[in-house]
1. On a full-extension model of 0.36 nm per residue, what is the gain between LEU141 and ARG26, subtracting their alpha-carbon distance, rounded to one decimal in nm?
2. If you put +1 on each Lys and Arg Cβ and -1 on each Asp and Glu Cβ, how big is the dipole of region 188-272 around its Cα centre, in Debye rounded to 20?
3. Can you show me the helix-derived [θ] at 222 nm for the chain, built from DSSP H runs with n ≥ 4 at -39,500 (n - 2.57) apiece and divided by the number of residues, rounded to the nearest 500.
4. Could you tell me whether region 3-151 comes out rounded, prolate or oblate from its Cα gyration tensor? Rule is a ≥ b ≥ c as square roots of the eigenvalues, rounded for a/c under 1.5, then prolate if a/b exceeds b/c, otherwise oblate.
5. Just for region 127-227, what percent of DSSP beta bridges are antiparallel, to the closest 5?
6. Of (1) 54, 36, 35; (2) 57, 40, 37; (3) 50, 39, 35, which one was derived for Cα extents along the principal axes in Å from the structure shown?
7. Return the long-range amide H neighbours of THR232 (sequence gap of 5 or more, or a different chain), with a cut-off of under 5 Å between placed amide H atoms.
8. Under a 5 Å amide H to amide H cut-off, with H placed in plane at 1.01 Å, what residues pair with LEU203 once short-range neighbours are removed?
Amino acid sequence: MADAEIDKPSTTGPAADAGLLKQAVREAGELAHAMFGTELRKWTKGASSPVSEADMAVNDLLERRLRSATPAYGWLSEESADDAARLGRSRTWIVDPIDGTRSYLGGRHDWCVSVALVEDNAPVLAAVYAPVTGEFFFAALGQGTTLNEQSVRAAEGTAWDFSRVAGPKPLIERLAPDSTGLELHPRIGSLALRLCRVAHGALDAAFAGGQSRDWDLAAAHLIVQEAGGKMTALSGETILYNRPEVVHGVLVAAGRDRHAEIVAQYRRLPPA
């Protein structure tokens, strides 16, 4: 897209952006679903990250829909070359066309389309759509979270039911030694979907190991936050987006009281 076109002022506002996001993510999810289970060209990027022609097709659709309507906004996607111009934009779309590509290619259901609009390093709009299971999460800053148009809330309290906790088992066992030998929630291939499960109370807490990226997190972050939960680094530090470095460390999402207890437990641990 030409720089002159990107520099045109956007004619959209918050309500229009929300409608645009919902429509684009739903359309992207339906495209991904239509290609799901078919013979796809696939390859590996980096050391071991799978990608397929479906990832690229969904990415192209989202870029066409979102960037054409909001040419003044930045763009950061897992499947697009990074453009440093995003750092000069007050608003940036952060996109994972198919989060959980291994699950997608393996014929499993735990994958989704995840898109957030970030303003000044924090998400203000978010949509996560899992077409196979029919789950459409949406959040707008200050307006709560919905799942399929119904308001949802994170589970309250501070206790952990380990069958309702998802994430790397060694990390959880270090935080809570009494969890050793217990069965955690089955693995959820999409990190965004894992975190979103906190927003409607299906999980008490969800963890992410190191090396997650902006596109894995930004939409789920707002969805958890607007559902009355909290998501931060395990140390309690705020997660910031659309910065030069998009890689993040170990993270936790939970209802606010439980989140505070988990962070406190982490701070009490001796150095690893």
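What follows is calculated from the coordinates using simple rules that are stated; it is not laboratory data. Nothing here was measured: the structure is a model prediction, and the numbers come from that model. Here the Cβ is made from the backbone with ideal geometry for all residues, glycine too, and neighbour counts use every protein chain on show.
1. Once the chain is fully extended between LEU141 and ARG26, it gains 39.4 nm.
2. 120 debye
3. Per the formula, -10000 deg cm²/dmol.
4. Here region 3-151 falls in the oblate category.
5. 80 percent
6. Read-out taken from this structure: (2).
7. Amide H neighbours of THR232: VAL252.
8. Excluding prolines and chain starts, which carry no amide H, the hits are VAL198.
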